[in-house]
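Worksheet for the structure shown next.
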Amino acid sequence: MKNLIPLSLIILLFSCSGKDEEKSASSNNILENLTFTVDTVVVDPGDEIIDLSNYLRLADLSNDHKKLYLFVEGENKLSVIDLDKLTLERKIPYEKEGPNGVGSFLWSLDLVSNDQFFLKTFNTAGIFDFQGIKHESVNLDEEEIIGIKGKTLQNNRLKVSEDLKWYYTVPGSDFNDGEPSVELALINSETNEGKILPIPAMDKTALYKIAFKEGTMMQIYAEDYFLSEQSGNFYITSSVTSDIYTIDPETDSLALHSYDLKYAPKYKSDPPSHSEFTDREAWRNEVEKMRSQITYGDLIWDDSRNYFFRIGSILVPSLVEDAPSKSKIFLLAFDNELNLIGETEIEEMDSAPEFPFFKDGKLWSFVNVEDELGFAIFDFSF
């Protein structure tokens, strides 16, 4: 998982309507009798090499999931991979510095249209096309955002809506003490006006961040916030809880979707004993304790069924030295209005899928096959 984010709370200065919805699965649990088969495929890179040293951290998919775009920082190139043909289509070079430079210490890549993507570092963010040209630089200087003062708005966790109108992020910094409350910052890119919306169901996420300090070096482990968009709707989730927020930026409205779950825990319930450690072994033990509680991923949209899915995992540490740990894996299913319609524990899985997405009704998961880009493809029946 990534290193992550804490937050803060101020008085809401703009109108914000919210509704809480407590939901539980009906008696018709669509995943009750889930079965699946799995196959593995490997991408043919031709005469090139697809560098997987950073896994798929700097990757995103086209809207139709026919193409995978993977930026390799060491090459400063964007690999375009055809997922139908399972081939490397081309590599597009980019400049590191200068007016079209991508910068250093890249954090994430988000496709924002069929011909542009959003690339973020800790200090800069920009919108690039597939010809190597930067079309816009984004720097969330809090002094320039009308309506937002005194907030840390890091570029590395910024999301941009598909129409480029809205920027949204969770204020805070990984390197500062966690704030007691979590918020969402919404910024209209056309007017440069911003709004702060409290999202209290995510507050517990800020508790799960621990630092290891040794001299001038600091290492952070914290939980994730996931900001996503599907068909014009915005969603906020967290790795700590099964709760989901939907946001309408035009009306400043928030809706909380909360669930009574049968198989998986609703959220993590045992925060770290300390937020800072100087003993590495003690820090690692605390990280393991955090991972040994439920960890949720982002929402995954399946357009063949018009369902959302979400995967949860609980680490089960190995009792045998040098033997790999395993995980309990849970799968939740929701309709397009986020009503819970199914849940189950997948006992046949012992690790959570990586970079999971649905394509043609099947769940794809990244696998490294002898240093070649591969995918495990799960065909679910329920």
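The values are calculated or read from the model by the stated rules, or taken from the named source; none is laboratory data. None of the values given here were measured: they were computed from a predicted structure. In this analysis, Cβ positions are derived from the backbone assuming ideal geometry, glycine residues included, and neighbour counts consider all displayed protein chains. Side chains are part of the model used for accessible areas, which takes the heavy atoms of the whole protein and leaves out ligands, DNA and RNA. Shrake-Rupley method; radii C 1.70, N 1.55, O 1.52, S 1.80 Å.
Comparison of PHE128, PHE105 shows that the only residue that is without any contact (Cβ under 8 Å) to a residue 40 or more places away in the chain, surrounded by fewer than 19 Cβ atoms within 10 Å (Cβ to Cβ) and not small (Gly, Ala, Ser) is PHE105. Going residue by residue through the range 75-85, is there one that turns out to be in contact with a Leu (Cβ under 9 Å, 6 or more places away or on another chain) and in contact (Cβ under 8 Å) with a residue 60 or more places away in the chain? So far as the range 75-85 goes, yes, one or more of its residues are in contact with a Leu (Cβ under 9 Å, 6 or more places away or on another chain) and in contact (Cβ under 8 Å) with a residue 60 or more places away in the chain. Entry remark, the range 313-326: residues being surrounded by fewer than 16 Cβ atoms within 10 Å (Cβ to Cβ), among the aliphatic types (A, V, I, L, M) and closer than 17 Å to SER351 by Cα number 3 in total.
Residues of the range 332-382 that are in a loop (DSSP other than H, G, I, E, B) and more than 21 Å from THR37 (Cβ to Cβ): ASP335, ASN336, GLU337, LEU338, ASN339, GLU370, ASP371. Can you find even one residue in the range 202-221 that is assigned to a loop (DSSP other than H, G, I, E, B), within 28 Å of TRP283 (Cα to Cα) and open to solvent by 40 Å² or more (accessible area, probe 1.4 Å)? There is at least one residue in the range 202-221 that is assigned to a loop (DSSP other than H, G, I, E, B), within 28 Å of TRP283 (Cα to Cα) and open to solvent by 40 Å² or more (accessible area, probe 1.4 Å).
Of all residues in the range 226-243, those satisfying the criterion of being aliphatic (A, V, I, L, M) and buried (at least 24 other Cβ atoms within 10 Å of the Cβ) are ILE236, VAL240. Taking the criterion of being of a type in the set (A, V, I, L, M) and open to solvent by less than 10 Å² (accessible area, probe 1.4 Å), the residues of the range 331-343 that qualify are LEU331, LEU332, ALA333, LEU338, LEU340.
Checking each residue in the range 346-363 for being buried (at least 17 other Cβ atoms within 10 Å of the Cβ) and free of Cβ contacts under 8 Å to residues at least 40 places away in the same chain picks out MET349, LYS362.
Tell me whether the range 154-169 contains one or more residues that are under 24 Å from ASP248 (Cα atoms), charged (D, E, K, R) and crowded, with 20+ Cβ neighbours inside 10 Å. Looking for residues that are under 24 Å from ASP248 (Cα atoms), charged (D, E, K, R) and crowded, with 20+ Cβ neighbours inside 10 Å, one finds at least one in the range 154-169, hence yes.
Among the residues of the range 206-224, those that are free of Cβ contacts under 8 Å to residues at least 40 places away in the same chain and not aliphatic (A, V, I, L, M) comprise GLY215, THR216. For the range 87-111, which positions are over 12 Å from PHE130 (Cβ atoms), of a type outside the set (Asp, Glu) and part of a loop (DSSP other than H, G, I, E, B)? Within the range 87-111, LYS96, GLY98, PRO99, ASN100, VAL102, GLY103, SER104, PHE105 qualify.
Okay, residues lined up against (1) of a type in the set (Val, Ile, Thr); (2) open to solvent by 60 Å² or more (accessible area, probe 1.4 Å); (3) under 20 Å from the mean Cα position of the chain (by Cα):
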site: GLU250; (1), (2), (3): no, yes, no
site: ASP302; (1), (2), (3): no, no, yes
site: ILE311; (1), (2), (3): yes, no, yes
site: ILE329; (1), (2), (3): yes, no, yes
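Can you name the residue in the range 225-234 that is over 14 Å from TYR296 (Cα atoms) and in contact (Cβ under 8 Å) with a residue 12 or more places away in the chain and is also farthest from the chain's Cα centre (by Cα) among such residues? Step by step, filter the range 225-234, then rank; the result is GLY232.
Scanning the range 246-278 for residues that are more than 30 Å from ILE341 (Cβ to Cβ) and without any contact (Cβ under 8 Å) to a residue 12 or more places away in the chain yields no hits at all. Could you look through the range 46-59, keep only residues that are touching a residue at least 12 places away in the same chain (Cβ under 8 Å) and open to solvent by 40 Å² or more (accessible area, probe 1.4 Å), and pick out the one that is farthest from GLY103 (Cα to Cα)? Looking at the filtered set, the residue picked out is GLY46. Scanning the range 352-382 for residues that are within 30 Å of GLY46 (Cβ to Cβ) and among the small types (Gly, Ala, Ser) returns GLY361, SER365, GLY374, ALA376.
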